[in-house]
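The values are calculated or read from the model by the stated rules, or taken from the named source; none is laboratory data. In this text, all values refer to a predicted model and were calculated from it rather than measured experimentally. Note: ideal-geometry Cβ built from the backbone for every residue, glycine included; neighbour counts use all protein chains shown. Please note that ligands, DNA and RNA were not included when accessible areas were found on the heavy atoms of the full protein model with its side chains. Shrake-Rupley method; radii C 1.70, N 1.55, O 1.52, S 1.80 Å.
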Amino acid sequence: MQTESPRRSNRERSDTTRGAILDAAHGLFVERGYAETSTPDIVAAAGMTRGALYHHFEDKKALFRAVAEREAGAVAARIERATIDDLTPREALITGARAFFGAMAEPGRIRILLLDGPAVLGTREMAAIDAANAQRTLEDGLAEAMAPKVVDRDALAATATLLSAAFDRAALEIAEGAPTNLYVEAISHLIDGLISA
């Protein structure tokens, strides 16, 4: 006698459909870029209908935003996994820097987060996505490393924004073939200057 497999809920089916669309869009955005990827291409790659795409995403830009948010979340998760050991605040910042560079080396991540992202969504929206992910971790790490000195929250956010820009530029250089260790060392000097000031 065959047993029936449990039926999936509407929520599970919806999540599966959404995930398939995100995966297909990610692959095409990485391969072709945002401008050269059409919604018919995405639904064909996902094996879905255009109706399914528009049920989950308002338009191609909203879909790209969701892809960028997922990528930014993956970067933040990798940094957090790398820094959960018993590290000093300074060691956590340096280890986090190395984890960031490793995470950004994933195929297509630079294109989505650093090249197409600002062009498609604008720098403010990409900054908001970053603020909800890796920058939050960076701000917390800086605050811990600079303790017991109390830093104004706005000044801390501005410092993290500048340091984040340095991380992004370093990731671009590494993607072009520069040695990672060179940039980890340079970032270490910047961090040391910030926490000893």
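Annotations
- Listed here are the helices (runs of 4 or more DSSP H) enclosed by segment 1-113 that have at least 2 residues being in contact (Cβ under 8 Å) with a residue 24 or more places away in the chain and of a type in the set (Ser, Thr, Tyr): 10-32.
- Matching residues in segment 61-76 - criterion: being of a type outside the set (Asp, Glu) and open to solvent by 40 Å² or more (accessible area, probe 1.4 Å): LYS61, ARG65, ARG70
- Residue in segment 186-196 that is among the charged types (D, E, K, R) and either under 30 Å from GLU36 (Cα atoms) or at pLDDT below 95 (or both) present: yes
- Some residue of segment 147-155 being surrounded by 13 or more Cβ atoms within 10 Å (Cβ to Cβ) and assigned to a helix (DSSP H, G or I): no
- Subset of segment 54-85 [touching an Asp or Glu at 6+ places or on another chain (Cβ under 8 Å) and farther than 17 Å from GLY96 by Cα]: PHE64, ARG65
- Among the candidates ALA127, ALA165, ALA119, residue that is open to solvent by 80 Å² or more (accessible area, probe 1.4 Å), within 29 Å of GLY33 (Cα to Cα) and assigned to a helix (DSSP H, G or I): ALA119
- Residue match in segment 91-109 (condition: over 28 Å from ALA166 (Cβ atoms) and open to solvent by less than 60 Å² (accessible area, probe 1.4 Å)): no
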